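In what follows, a structure is listed as structure tokens, so that the remarks can point back to it.
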Amino acid sequence: LEKGLVGGTTACISITTSMPLLLATTRMQVQGLPGYPILYKNIFDCLIKTAKQEGLGGLWQGIVPSYAQIFPCIFISYFVYETLSKEFGLGGLQKYQSAKAK
């Protein structure tokens with residue numbers, strides 16, 4: 001359980017730090033499509049205009065759905081991996097720690 005929580009939390013921290021760039025690249029990719037005018041010259045222009053027009057919080061739009069997507073995925077992966085590793089003795093932290101103790 002602990003490894004899953006740590007993994008999910010670090011994934012959320014990663015998303016939090018990279019969200020402004022993800023938002024800007026998405027806006028850059030969409031501009032110019034039908035119904036989406038060209039508003040930005042480059043990614044830095046997009047970040048600056050977004051911050052000015054929507055405030056700094058605008059750079060983290062959509063963060064909650066991103067958390068809802070990534071946390072369970074990483075949590076389950078880590079939890080299942082560690083559980084199976086302990087159950088079958090196939091690597092994982094337990095094997096690493098026992099080798100380190102020798």
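The values are calculated or read from the model by the stated rules, or taken from the named source; none is laboratory data. For clarity, every value in this text was computed on a predicted model and none was experimentally measured. Every residue, glycine as well, gets a Cβ built from its backbone with ideal geometry; the counts of neighbours run over all protein chains shown. SASA here: full protein model, heavy atoms, side chains in, ligands and nucleic acids out. Shrake-Rupley method; radii C 1.70, N 1.55, O 1.52, S 1.80 Å.
Kindly indicate the residue of the stretch 23-66 that is among the hydroxyl-bearing types (Ser, Thr, Tyr) and in a helix (DSSP H, G or I) and also most open to solvent (accessible area, probe 1.4 Å) among those meeting that condition. If you could, list the steps in order and put the result at the bottom.
Taking the stretch 23-66 as the starting set, the residues that turn out to be among the hydroxyl-bearing types (Ser, Thr, Tyr) are 25-26, 36, 40, 50, 66.
Then drop every residue that is not in a helix (DSSP H, G or I), which leaves 25-26, 50, 66.
Details: THR25: 54, THR26: 75, THR50: 1, SER66: 25 Å².
Among them, the one singled out is THR26.
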Query raised in the report: Restricted to the stretch 1-15, and to residues that are open to solvent by 50 Å² or more (accessible area, probe 1.4 Å) and under 20 Å from VAL64 (Cβ atoms), which residue is modelled with the lowest pLDDT?
Result: LEU5
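Among the listed residues GLY55, GLY32, identify the single one that is at positive phi and more than 22 Å from the chain's Cα centre (by Cα). Steps first, please.
Details: GLY55 fails: more than 22 Å from the chain's Cα centre (by Cα).
Checking each option against the conditions leaves just GLY32.
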**Report entry** Selection count, the stretch 72-91, where residues are open to solvent by 60 Å² or more (accessible area, probe 1.4 Å) and either among the hydrophobic types (A, V, I, L, M, F, W, C) or over 15 Å from VAL6 (Cα atoms) (or both)
**Finding:** 9
